[in-house]
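Read through the structure below, which is laid out as structure tokens, and then see the notes.
Values quoted throughout were computed directly from the atomic coordinates according to the rules given, and no laboratory measurement underlies them. Every value quoted in this text rests on a predicted model; they were computed, and no experiment measured them. Note: ideal-geometry Cβ built from the backbone for every residue, glycine included; neighbour counts use all protein chains shown.
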Amino acid sequence: MLLRRCCCNNERKRLKASISLPTDFQHTIHTTFDPDSQRFVGLPPQWQSLLAQPGDRPRPKPIVEGEEPSDAEVWTFLESLGPIPDDEFVEYRTSIAQLGSIDLRAAQLEIQWQESELGLRSLSFYDTLTRNRLRNVEGGADEFDTFRRQLSSIVSRNDDPHTRLEKFIKIGEGSTGIVCKAVEKMTGRVVAVKKMDLRKQQRRELLFNEVVIMRDYPHAHIVQMYDTYLVEDELWVVMEYVEGGALTDVVTKMRMDESHIAAVCKACLKALAYLHSQGVIHRDIKSDSILLSTTGQVKISDFGFCAQVCPEVPKRRSLVGTPYWMAPEVISRLPYGPEVDIWSLGVMMIEMVEGEPPYFNEPPLQAMRRIRDMLPPMFKEAHKVSSKFLTFVERALVRDPLQRASAFELLQHPFLKQAAPPSSLLTLLKGYRHSVC
Ligand code: G5X
């Protein structure tokens, strides 16, 4: 398009713009709106990035030690940690070759060498690779049968769940299995069923944790477990169905004010104070693990990675959790306790303000490195939050777990006094869920 302007100084009053017809016109961009995905299709990239929503990013998956990485993943991981001195590089190469040929003795030595010499560099990838290979060789069919038998002795029911449940509809997929909604034939009650294939677990023994631990600790702000079944090679956990869905939808689609945030925090902290007093650690607190009912009740869910500490074993060591929410001590491979949930809750508070956790635009391992090495994250626009809220989050995001506030301490914090009633959370749900409420 040409823009011609007549601008003779002595004719200012008659200043005129004459616009020609388009010349040399090319139609290179065609954008449409796809009603199914509620998204624009074919936008130029620079526009796309302007319109991107926090919720557009795929949800990051938890890491659990025991996952067997491919050699390519090991290399990518090592590279992500920056330059490795030449001599070390050779050693890595050798050790990968040894693992490939399942040289068990060498592999065991590798674990020790990794842990003593390299600290974080060994991270889960390396030693789990080894442990998994060890287990696969040593374990096999017998070990699986034993595991299955042990699990069948702890499930609450031994009949076929299909006689009581019908109308299964898949509602989600987690890292340990799929989740369905189903209906109880007798009562018409809607339930959620988490189905986990025993053979597809990164760490099978975690299945025990969820079932055994959650059976014993019912709480108003924890998703209630009803029954457990062993259905062929699957563990089924039947639980309360929470209709409102995950807090993630709220934080990515709506603006929560401080009274909403305080209400969610208060409910989570009540549940965490109770769990922590029993030595139970959730280990994967994030908005995805918080469900909202259609009455605005807040429930902690997904205890698939939980653990329990006791006076004899007061600390855990394995690398478990979702990178952006992980506490620094977990990433640094230090023994840790229930305090890790408080850090994650602090990160979740940033999610509730900004729609996503800190460092979310960076890849997971890079983010983990920042959490490990930098001062605690804070709000991008700290001046936009109240000073009570700021001090509250500052007490949760303390790097030293001994200095970090406990769930009990946070429950006393003045910030929680402004908590809104549950019904106000319902208003948030209504903002984007027109069908349910
Ligand atoms: N709307 C529930 C779980 C909770 C304590 C033992 C894990 C998902 C998903 C999931 C969706 C639900 C459940 C209920 C709705 C999940 C769990 C759990 C427990 C007792 C079992 C994952 N990934 N839900 N209602 N969603 O999509 O640990």
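Structure summary
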quantity: P(r) histogram, all alpha-carbon pairs of the range 248-325 included - 5 Å bins from 0, percent; calculated: 3, 12, 22, 24, 18, 11, 6, 3, 1
quantity: D_trans [Stokes-Einstein, Kirkwood Rh over alpha-carbon pairs] for the range 237-396, 20 °C, 1.002 mPa s, µm² s⁻¹; calculated: 132 µm²/s
quantity: Estimated FRET transfer efficiency (PHE408, ASP34; beta-carbon r; R0 45 Å; 0.05); calculated: 0.40
quantity: Label-point separation, PHE379 to GLN150 (7 Å along Cα→Cβ), nm; calculated: 4.7 nm
quantity: Binned Cα-Cα distances of the range 168-228, short to long, each 5 Å bin given as a whole percent; calculated: 4, 16, 21, 25, 22, 10, 2, 0
quantity: Global size of the range 287-326 as Cα Rg and Dmax, reported in angstrom; calculated: 13.9, 42
quantity: ASN158 versus SER259: modelled label distance in nm, points set 7 Å from Cα along the beta carbon direction; calculated: 5.5 nm
quantity: Ratio of the Cα radius of gyration of the range 387-431 to 2.2 N^0.38 Å, where N counts its residues; calculated: 1.45
quantity: Positive-end residue of LEU269, MET214, MET196, charge dipole of the range 195-279 with Cβ unit charges; calculated: LEU269
quantity: For the range 334-389: rounded, prolate or oblate by the Cα gyration tensor [a/c cutoff 1.5]; calculated: oblate
quantity: Members of LYS167/LYS286; LYS181/LYS286; LYS181/LYS270; LYS181/LYS266; LYS194/LYS315 lying beyond 24 Å, as alpha-carbon distances in this model show; calculated: LYS167/LYS286; LYS181/LYS270; LYS181/LYS266; LYS194/LYS315
quantity: THR23-GLU232 pseudo-label distance in nm [points 7 Å out on the Cα-to-Cβ vector]; calculated: 7.2 nm
quantity: Estimated FRET transfer efficiency (ARG399, GLU312; beta-carbon r; R0 25 Å; 0.05); calculated: 0.35
quantity: Long-range Cα-Cα pairs in the range 187-306 (distance over 24 Å), rounded percent; calculated: 29 percent
quantity: Residues CYS265, CYS180, sorted so that the one with the fewest Cβ neighbours within 10 Å comes first; calculated: CYS180, CYS265
quantity: Descending principal axes extents, the range 307-437, alpha-carbon based, whole Å; calculated: 46, 34, 34
